[in-house]
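So the structure is just underneath, and the comments pick up after that.
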Amino acid sequence: MKRMFKTFSLGNLELVNRFVFPPIKIGRGNPDGTVTDRQLTFYQQIAKNGPGLVIIEPVSVTADGREHPKQPCIHLSESATELKKIADVVHGEGRLVCLHLNHAGAGALPKIIGGKPKAPSVMTCVAREGNVSEALTEQEIEIIIGGYKSAAEKAQKAGFDVIEIQGGHGYLISQFLNRKLNKREDRYGRDRLLFATEAIAAVKQGAPDLPCILRISGNEMSPEFGISQEDLLPLLKLAEGAGINAIHVSMGNACFSPPWYFHHTSLPDKPQMDALSWVRNHTSIPMIVAGRMGRKEKVIKVMDDGLADLVALGRPLIADPDLIEKWQKGMDEDVMHCGYCLQGCLHRMKSGEPLGCNLNPEIGLPPLGQTDIPMKVLIAGGGPAGMSAALYMTRRGHHVTLAEKTDHLGGQFAIAWQAPGKEKMKDGLDSLKHLAKASGASILMKRAVDAVLVREIQPDLLVWATGAMQNILEIKGLDNQHVMTSIEYLQGKKEIKGPRVLVIGVGQAGIEITEKLGNEGYDVVAIELTDQIGSMMEKITKKLVLMRIKQLEKVSIMPHTTVKEFKADSVEVEKDGERLSLKPFQSVILASGMRSAAGPDEEIVNAVTRMEVIGDAREVHDIFSAVHAGYDLALKY
């Protein structure tokens, strides 16, 4: 790992280490293109003792290539002045800064650009709600090429050290290269490399002294629509002749394979390793490797295998901006590990909120200061909300005692990672547990908060963070079944009897349990009252789960269905107003939603002067909300 902290020459520049922050949309800018304090705080956090090169979020070279309303601008007259604020913040931390240039083409959003997206030919971007593009005219292409030159000039004026050109991921340059999508009959169709050639030349002309990186997808992972290696190879050859200083290799296609584009936690590593090997075999240019690189063992492997010269850390640095410094100092246990779940980052961006993190509520915010009034704080419950409150209240200078009635910390987070494809989320749970224990808070295990404990500690503040419990349905005959809640199943408290299992409720827990049971060979029927299958799930995660479930022959999902009665020889259900009889089941799992656990009794309430109810105990949401509730509590006190 020591080699990662050696300097690296990129053109005429020297990076202080071999880490890079890749271009990640953070949704913290203003719609008018002006830079906000939250953007500046975010980049300062990333740059401080961080990667040698910070590539900021993508900017579109012309207005018609934008992807989201809070995307920074480069096409406006004041863009250089605004972007210089970011460059100055990164430079202030002793790190180099790179401007990432793109045009989304068919991936642009109509409601932002004010019309249909423009692409080499008419095509449909599936991931953008099926938006159909219009074919670019040669005059429009000329304007976009001019946008690349103008953007490069402004990058240099704004003080950026490096420029990166987006040449992959199904965006405009890739669309021109791709024979499956580029059906033009003019010179940009006869020579599919022409647009890339002109775009790179325009950037070089606009900023001849700045090193240049080309970003590509090693594999767009879409056999039907993605660019082939045959069409990608000329771009690599062009890069060598055009003086590109590094190739930045990720995966996927924004329009046709979003799970790979965002490197979802459940995807295998082998396709990425194969793609890196192919790129390495076809170029001598230094390579930056991106995609789920937040574990030391993977960084070491790609370096040992000669597949990387530099390593990009995106979401891992959002989960823990101090990751690189901790690695360098051997403080591995103190790392807050990203689980690559997309829930706190991508899921929020798609909902129109700024990028966040399930496990790091501090990202983009000023550091917590010390309180002027230290208090004795008693926290009831050691789930995500309780651990977060303990961590941040202690950091503020309060004297914290956390009491957990079971023999382990984590609450429902302790079972969430057991769902298929979510195994890496356990690292984040372990990180939160370690940091809570190391915070200085006193932690009592197998100890529920009652009036006796309250009188013993005499807290100035009681924090009620007891989480949620299963919502139990009243169904005729249910008492005669071998029944368990979703929590009891995931905790292994009751044994499944087969071969037939009924899952009632197909929200996030229900759908994940359905897949898990199907993988174990059970004959599963999952019933949902509405058509909201996998409600509250991040969209890519849900899509992947449903795709995997479709491949399980013994699993069926019944939306718009209600269980009416369990009989000795059947289960009576109603689907879309029609009464149906199903064969009996040997096990029934209740996954029919959660409700807040009971609040403190009257004796406890009367024994405290101040109380806060947080997390699922207040209102049932998710891990993101629970962890942030603990942080918000610390801000309040």
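What follows is calculated from the coordinates using simple rules that are stated; it is not laboratory data. All of these numbers come straight from a predicted model, not from anything done at the bench. Because the Cβ atoms are built from the backbone with ideal geometry, glycine has one as well, and the counts that use them run over all protein chains shown.
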The set of residues whose placed amide H lies less than 5 Å from the amide H of Leu444, leaving out same-chain residues fewer than 5 positions away, is Leu402, Ala403, Glu404
Given Cβ point charges of +1 (Lys, Arg) and -1 (Asp, Glu) and nothing else, what value in debye, to the nearest 20, does the dipole of region 331-480 about its Cα centre take?
140 debye
Note, region 348-362: 3J(HN,Hα) by Karplus (6.51, -1.76, 1.60, θ = phi - 60°), whole Hz, Gly/Pro = x, goes 6, 4, 5, 8, x, 9, x, 4, x, 8, 3, 10, 10, x, 7
Pairwise label distance in nanometres, Leu546 with Leu473, each label 7 Å out on the Cα-Cβ vector:
2.0 nm
Fully extended, how many nm does the chain gain between Lys111 and Lys554 (0.36 nm per residue separation, minus their Cα-Cα distance)?
155.2 nm
Rg and Dmax in Å for region 2-350, alpha carbons only: what are they?
18.6, 58
Could you pull out every residue, at least 5 positions away or on a different chain, whose amide H is within less than 5 Å of the one on Ile557? Hs are placed 1.01 Å off N in the peptide plane, and Pro or chain starts have none.
Ala526
Considering amide H positions built from the backbone, and no H for Pro or chain starts, which residues 5 or more places from Met594, or on another chain, come under 5 Å of its amide H?
Asn471
Lone Cys, the chain, Cβ cut-off 4.7 Å -> Cys73, Cys98, Cys212, Cys338, Cys341, Cys345, Cys357
About the Cα centre, and with charges only on the beta carbon of Lys, Arg (+1) and Asp, Glu (-1), how big is the dipole of region 478-592? Nearest 20 debye, please.
280 debye
What stretch of the chain, leaving out the sites themselves, is the longest with no GluC sites (Glu not before Pro) in a DSSP loop having at most 14 other Cβ atoms within 10 Å?
225-422
Relative contact order computed over region 478-592 (Cα-Cα under 8 Å; 6+ residues apart), in percent
36 percent
Charged-residue dipole, Cβ positions (Lys, Arg, Asp, Glu), the chain about Cα centre, Debye nearest 20
700 debye
Under 16 Å from a label point 7 Å along Cα→Cβ of Lys575: give me every residue in region 529-548 with its amide N that close.
529-533
Give, in whole angstrom and from largest to smallest, the semi-axes √(5λ) of the equivalent ellipsoid of the chain, with λ running over the eigenvalues of the Cα gyration tensor.
46, 32, 21
Which pairs in the list Lys422/Lys575; Lys543/Lys575; Lys296/Lys437 are over 29 Å apart, alpha-carbon to alpha-carbon?
Lys422/Lys575
At 7 Å along Cα-to-Cβ for each site, give me the label-to-label distance between Ile496 and Gln532 in nm.
2.6 nm
Links that overshoot a 25 Å alpha carbon limit, given the list Lys25/Lys84; Lys298/Lys350; Lys70/Lys204:
Lys298/Lys350; Lys70/Lys204
I'm a student and want to see the number: the projected area of the Cα convex hull of region 478-592, averaged over all directions, in nm².
6.7 nm²
Output ³J(HN,Hα) for region 130-146: one whole-Hz value per residue in order, computed from phi by the Karplus curve 6.51 cos²θ - 1.76 cosθ + 1.60 with θ = phi - 60°, and x for Gly and Pro.
x, 4, 9, 8, 10, 6, 5, 7, 5, 5, 5, 4, 4, 5, 5, 4, x
Rounded to a whole number, the Stokes-Einstein D of region 90-238 in µm²/s (Kirkwood radius over Cα pairs; 20 °C; 1.002 mPa s) is 135 µm²/s
Quick one: work out the % antiparallel among DSSP beta bridges in the chain, nearest 5.
25 percent
Looking at the chain, identify the longest residue range that excludes and avoids all trypsin sites (Lys or Arg not before Pro) in DSSP loops having at most 11 other Cβ atoms within 10 Å.
7-328
In the chain, if the dipole is taken from +1 on Lys/Arg beta carbons and -1 on Asp/Glu beta carbons about the Cα centre, which of Gly507, Val613, Leu478 is farthest to the positive end?
Gly507
